[in-house]
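Here's the structure, in structure tokens; my notes come after.
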Ligand code: SF4
């Protein structure tokens with residue numbers, strides 16, 4: 001390491017230690033100092049403008065000010081410090097230049113976050129989900145999960161989302177969270193297997209922010225996920241909240257539960273239970289099931305989801321995100337660019353819904369996936385549409401996935417993906433749905449976004 005790099009590292013570490021000190025003692029009263037130290041560490045102009053944006057919100061918007069204060073007051077100190085050191089300092093300031101080097105040197109983009117499904121086993125039998133048909137023999141062996149996470153860290157990926165299946169089916173993952181204590185983990189869980197003992201370990205780790213799956217109130221949740229799941233997930237929220245562990249909620253939004261999940265009553269209930277954010281996912285027709293299209297949101301509902309997501313975010317002490325309707329903020333589709341998914345067969349996929357791959361990790365290093373023409377091609381043609389409210393290569397720009405797979409040799413990993421490439425009826429239905437959304441997307445793009453998205457992030 002050159003002297004300049006060493007000095008820079010020491011200076012960064014000094015500021016980071018200072019911020020950790022503020023978080024330890026009296027964070028509520030030191031927010032101005034924390035923001036100014038963060039500004040000092042941030043070199044990138046775009047990141048600076050985002051920090052100023054949040055700071056302005058914090059200073060001038062009472063609900064956001066109270067929201068941040070509430071997090072500072074009620075979050076366990078270790079969890080708070082890990083959020084800062086692992087997510088902000090390590091994943092961004094430390095690992096950002098590490099990832100950038102691959103891009104500059106060899107045009108290989110290293111994503112910011114890895115999603116991994118170590119196991120597809122799950123105790124539930126949710127409608128529209130195929131996870132319950134998997135057995136233990138389909139799992140990625142624990143030592144492989146360990147290796148893949150180690151390789152991700154080596155490349156500069158410090159944020160890992162654990163999917164499945166049910167992440168808490170596998171006890172060894174708790175050992176992984178402990179082992180990689182400078183990284184941040186988010187398991188997406190039904191909450192069913194959370195116990196006092198596991199919650200105690202999560203608190204001890206500090207580097208885990210679980211997202212609990214809830215599909216609306218009791219009827220909607222139990223209807224989709226099975227009887228009794230709603231009460232159990234609320235109990236899981238209590239276990240986390242009592243310990244000051246940060247957590248959020250994820251909702252797969254369908255034609256039938258949309259009104260419930262975007263209602264004030266539901267959101268207020270989640271806030272009361274201690275959740276800090278909701279992540280809405282459009283139900284995607286990727287399972288190869290004929291009923292998928294009946295569960296997908298109508299064009300009008302998809303637009304409504306975006307509207308309510310913005311309204312809730314602007315008016316409540318709560319953070320909401322909707323992958324699709326918030327796509328303009330992150331430059332459209334981020335598949336293979338800022339995130340990717342490793343499925344339980346170790347295939348590397350550009351996103352959790354696009355089940356196509358060219359690289360399987362058995363016996364191969366993770367970087368091979370990013371060096372492969374499949375991911376490079378995707379990055380080179382993003383965004384696929386100048387209206388970033390129509391970001392997707394599968395449900396909006398429906399020809400893109402077919403062309404890219406043909407050109408790069410990417411193969412479908414399951415029957416649903418196969419159908420997407422070859423079934424003319426599927427093609428007809430998805431294209432019709434994409435066309436129906438165009439007028440809504442055009443209007444909101446103009447009225448709300450002034451026809452501008454984040455161009456800088458759209459090319460990564
Ligand atoms: S391909 Fe579609 S679902 Fe996947 S990240 Fe892009 S926009 Fe999202």
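Going by the conditions given, is residue 298 away from the ligand (no atom under 16 Å from the Cβ), crowded, with 20+ Cβ neighbours inside 10 Å and either in contact (Cβ under 8 Å) with a residue 12 or more places away in the chain or over 20 Å from the mean Cα position of the chain (by Cα) (or both)? When the stated conditions are applied, residue 298 does not pass them. Is it the case that residue 249 is buried (at least 22 other Cβ atoms within 10 Å of the Cβ) and touching a helix residue (DSSP H, G or I) at 6+ places or on another chain (Cβ under 7 Å)? Yes: the conditions hold for residue 249.
Can residue 303 be described as within 20 Å of residue 436 (Cβ to Cβ), touching a residue at least 60 places away in the same chain (Cβ under 8 Å) and surrounded by fewer than 21 Cβ atoms within 10 Å (Cβ to Cβ)? Considered against the rule, which asks whether it is within 20 Å of residue 436 (Cβ to Cβ), touching a residue at least 60 places away in the same chain (Cβ under 8 Å) and surrounded by fewer than 21 Cβ atoms within 10 Å (Cβ to Cβ), residue 303 comes out as yes.
Taken over segment 257-266, the residue count meeting the criterion of being surrounded by fewer than 17 Cβ atoms within 10 Å (Cβ to Cβ) and either touching a helix residue (DSSP H, G or I) at 6+ places or on another chain (Cβ under 7 Å) or under 17 Å from residue 322 (Cα atoms) (or both) is 3.
For segment 307-325, filtered to residues that are assigned to a loop (DSSP other than H, G, I, E, B) and over 16 Å from the mean Cα position of the chain (by Cα), the residue that is farthest from the ligand (Cβ to nearest atom) is 317. Filtering segment 174-198 to residues that are within 21 Å of residue 339 (Cα to Cα) and buried (at least 20 other Cβ atoms within 10 Å of the Cβ) leaves 176, 177, 180, 183, 184, 185, 186, 187, 188, 189. Selection of helices (runs of 4 or more DSSP H) fully inside segment 351-460 by the criterion of at least 1 residues being within 15 Å of the ligand (Cβ to nearest atom) and under 19 Å from residue 112 (Cβ atoms) returns 373-381, 455-458. Scoring residue 292 on the criteria (1) over 17 Å from residue 327 (Cα atoms); (2) buried (at least 17 other Cβ atoms within 10 Å of the Cβ); (3) away from the ligand (no atom under 16 Å from the Cβ) leaves a single failure, condition (3). One residue stands out among those in segment 326-336 that are within 9 Å of the ligand (Cβ to nearest atom) and in a loop (DSSP other than H, G, I, E, B): the one that is surrounded by the most Cβ atoms within 10 Å (Cβ to Cβ), which is 333. Restricting attention to segment 337-350 and to residues that are touching a helix residue (DSSP H, G or I) at 6+ places or on another chain (Cβ under 8 Å), in contact (Cβ under 8 Å) with a residue 60 or more places away in the chain and assigned to a strand (DSSP E or B), the residue that is farthest from the ligand (Cβ to nearest atom) turns out to be 342.
Taken together, the criteria place residue 113 among residues that are touching a residue at least 24 places away in the same chain (Cβ under 8 Å), under 25 Å from the mean Cα position of the chain (by Cα) and within 29 Å of residue 273 (Cα to Cα).
Considering (1) within 20 Å of residue 298 (Cα to Cα); (2) over 21 Å from the mean Cα position of the chain (by Cα), the lone condition that residue 279 does not fulfil carries the number (2). Looking for something closer than 26 Å to residue 165 by Cα, surrounded by 17 or more Cβ atoms within 10 Å (Cβ to Cβ) and either in contact (Cβ under 8 Å) with a residue 40 or more places away in the chain or within 19 Å of the chain's Cα centre (by Cα) (or both) - is there at least one such residue anywhere in segment 100-109? Within segment 100-109, none of the residues are closer than 26 Å to residue 165 by Cα, surrounded by 17 or more Cβ atoms within 10 Å (Cβ to Cβ) and either in contact (Cβ under 8 Å) with a residue 40 or more places away in the chain or within 19 Å of the chain's Cα centre (by Cα) (or both). Taking segment 199-223 as the region of interest, how many residues are buried (at least 18 other Cβ atoms within 10 Å of the Cβ) and either under 28 Å from residue 180 (Cα atoms) or in contact with a strand residue (DSSP E or B) (Cβ under 8 Å, 6 or more places away or on another chain) (or both)? So the answer is 15.
Read-outs throughout are calculated quantities, based only on the coordinates presented, and are distinct from any laboratory measurement. All figures in this text were calculated on a predicted structure; none of them were measured in a lab. Neighbour counts run over all protein chains shown; Cβ positions are idealised from the backbone, glycine included.
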